[in-house]
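Report on one structure; see the data block that follows.
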Amino acid sequence: MRTYLKTLVRAFTKHVTRFISIIFIVLISVGFISGIGTSTDKLRYSLTDYYKAKTVSDLVVRSTAENGFGLTTAEIKERLNGVGKVNTGVQVDAKVKINGEEQSVRFCFLDDFSGDGWTVNIPDIIEGESPKNELEVFSERADNKIKGIPVSTHISLSFKDILTSLAKQKDPNSTPDFTMLDMFGVDTALDFTVSGVIQSPLTFAEDGEPSDFNDPDMEVPDNISAANELKTLDNILYLSSELIPKVSGSPIIKTNAVYLAFDDRSKFDCFDKDYKSYVKMQENAVLEALGVSAEEVKFITLYDNYSFVSLDAYAGKVMGIGLVLMVAFLFVTALVVLSNMTRLMEEERAQVACLRTLGYSSFKIIFKYVLFAMLATGIGGVSSYFVGLGLAYLICYVFNYSFKMPPISSQVALPFFLIVFFVIVATTLISTLIAGAKMTKETPANLLRPKPPKVGKKVFLERIPFIWNLLSFKYKSTMRNVLRYLNRFIMTVVSVAVSTALVLAGLALLDVCLFGGIDSPSVMAIAVVVIIFAGLLTAVVIYTLTNINVSERNRELATLKVLGYQEKEVAGYIYREVYIDTAVGIIFGYPLSLAIMKILFNIMAVGSILEVTWFWWLVAPVIVFAFTFLVTLMLKRKIVKIDMNESLKAIE
């Protein structure tokens, strides 16, 4: 056992470069994939936490009757007791003049109106302070659509303008009769001051808010109800219902809006599958409690809320991107780990033979290599969790460009990381076991004999004399060597092809944002992340496979040095092969990228392959070659520092 432990320790010290390369490939792959998946979980956890913390209304119930619900605030709350928390009021979308400018404004006259005391749709006060009386109001913060009204702005307008706009919404040809108002001497002048600017939890998207005013340029997520099209507003004001003019003590517009937050806040869970049926059940409960028919009300749910639905939709698209790219990253990772472990065992053929001769079982021999691979994978995997978490926070932060983001949830998001890590561990374990089983099946006598070098073969170019004869000796030898080690050639080409396809996919996503009219910094950030990680993947793959190539051919390179080759000539001997492998991989990467792009564009529901700007197809190989060039520079020292004596007598 003592001898066995010594060989175990030596394996880690002797093959430290290989150990580190496995750590890095796992770190990059799992870090990227889990980062994308974790960001989706974080976004959805954050949305759910925000929903609960702000007591967001699950339903806005709008009465379509002229007399509203015909009930007092107290009666509505009493009837809905047991269904959820309630705020009531009058909601009117009207075109009015504010400071001489005609604007589309939503007036939310609320019965429970206090910036510090709201129990439903609790806002954040961004500027100013809570109203001290009914003559002070809140305005909604400015975004890409809402203009915003600054604190201390004094507004004067006639309530008759609101009534006129309300009447025309129901019938464009109607003209309201104000005879009764004039007869009773009702003062319809509204004079109030904006005391604070707030962020409503229903309007945290930067691209608008549902209303009755059409905005044809607005992009609406597919899963927003077609019955509630997304429109735009110029401003939103939150006022006390005490501002509504009264006739004989009764408001001239009755309560027509109920904001209802269900008592069971666990049902939402970011649009959990049970939530929709729960909403439908509660809608029926509301109709029964208020004693109205479905035709007399309009339900506006969170499925009709642009802020909630669009953030959830983006989270789903991020997850879709992650799932597509996961396959590619895992495939390349498996290839690299398999190459590393196969080569490691080949280098220790004699040691395996000695252990077999001493009576060690195949399991004990293989276990050493399994432990080597699993420890490297474990270190890379644990480190990748923090890389993925950092990437997730970065993606969530970038969403602030499209949303006034809810606070990022502190809830731990492990599922996606654990799934990806398990797949990597299983792949590593299976690859090592397969390679080890193949090795230990050989007899000790065969293992003690060095494997004969690969025989050089004619390549297809030799059958084309007018090309072959033009090549110099060094290029002829390079072409033969490229195909002489066919397994490594295929592995390199496949890995580079996948990396190139990932780079092109990232550039295509970037193109959609820059030139496709999709103003989404979050998607742009993901595209940049994909390009960077695909480039790093290329670098690790090229480094690992080239390092293996150099290790396998120490005697060959030492012989070249003995024959008088200069250092740059010896390095060029390897570099030419690397660049040819990379070039072939890039060529095969183009058709593979088409498949990945098609899937991504389907997930994003925007863009197409034909719309990708032509120069991105030229940028991708430049990026891949740039990372390859950096790797070859890193490996130059290893190539030129080969010990000629040790390499040439290694077999003896």
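Structure notes:
- Of the residues making up region 115-123, one or more are touching a Phe, Trp or Tyr at 6+ places or on another chain (Cβ under 6 Å), among the aliphatic types (A, V, I, L, M) and open to solvent by less than 10 Å² (accessible area, probe 1.4 Å).
- Residue within region 148-165 that is at pLDDT 90 or above, within 38 Å of the chain's Cα centre (by Cα) and open to solvent by 60 Å² or more (accessible area, probe 1.4 Å) present: yes
- For region 34-67, a tally of residues being open to solvent by less than 10 Å² (accessible area, probe 1.4 Å), farther than 14 Å from residue 285 by Cα and over 24 Å from the mean Cα position of the chain (by Cα) returns 2.
- Selection within region 89-128 - at pLDDT 90 or above and not in a strand (DSSP E or B): 120, 121, 122, 123
- Look at (1) open to solvent by less than 20 Å² (accessible area, probe 1.4 Å); (2) of a type outside the set (Lys, Arg); (3) more than 20 Å from residue 67 (Cβ to Cβ); (4) in contact with a helix residue (DSSP H, G or I) (Cβ under 8 Å, 6 or more places away or on another chain) and you find that residue 269 fails only one, number (1).
- Take the conditions (1) among the basic types (Lys, Arg); (2) in a helix (DSSP H, G or I); (3) free of Cβ contacts under 8 Å to residues at least 24 places away in the same chain; (4) open to solvent by 90 Å² or more (accessible area, probe 1.4 Å); residue 458 misses just one of them, which is (2).
- Scanning region 380-412 for residues that are open to solvent by 70 Å² or more (accessible area, probe 1.4 Å) and either in a helix (DSSP H, G or I) or basic (Lys, Arg) (or both) gives 382, 386, 393, 394, 397, 401, 404.
- With respect to the stated conditions, residue 313 fails to be assigned to a helix (DSSP H, G or I) and under 15 Å from residue 69 (Cβ atoms).
- Within region 68-77, considering residues that are open to solvent by 10 Å² or more (accessible area, probe 1.4 Å) and part of a helix (DSSP H, G or I), the one nearest to residue 276 (Cα to Cα): 77
Conditions (1) over 24 Å from residue 310 (Cα atoms); (2) in contact (Cβ under 8 Å) with a residue 40 or more places away in the chain, marked per residue:
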position: 367; (1), (2): yes, no
position: 376; (1), (2): yes, yes
position: 395; (1), (2): no, yes
position: 407; (1), (2): no, yes
position: 412; (1), (2): no, no
position: 424; (1), (2): yes, yes
position: 432; (1), (2): yes, yes
position: 437; (1), (2): yes, yes
position: 440; (1), (2): yes, yes
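- Qualifying positions in region 515-554 - modelled with pLDDT of 75 or more, over 18 Å from the mean Cα position of the chain (by Cα) and either farther than 24 Å from residue 487 by Cα or open to solvent by 30 Å² or more (accessible area, probe 1.4 Å) (or both): 536, 543
- Criterion (hydrophobic (A, V, I, L, M, F, W, C) and surrounded by fewer than 19 Cβ atoms within 10 Å (Cβ to Cβ)) met by exactly one of 620, 626, 571, 558: 626
- Count of residues meeting criterion [assigned to a helix (DSSP H, G or I) and open to solvent by less than 30 Å² (accessible area, probe 1.4 Å)] in region 288-310: 9
- One residue from 56, 61 being more than 30 Å from residue 398 (Cβ to Cβ), modelled with pLDDT of 90 or more and out of contact with any Gly (no Cβ under 7 Å at 6 or more places or on another chain): 61
The values are calculated or read from the model by the stated rules, or taken from the named source; none is laboratory data. Computed from a prediction, not measured in an experiment: that's the story for all the values here. Ideal geometry is used to build each Cβ from the backbone, glycine not excepted, and the neighbour counts take in all protein chains shown. Accessible surface is based on the protein model in full, side chains and every heavy atom, while ligands, DNA and RNA are left aside. Shrake-Rupley method; radii C 1.70, N 1.55, O 1.52, S 1.80 Å.
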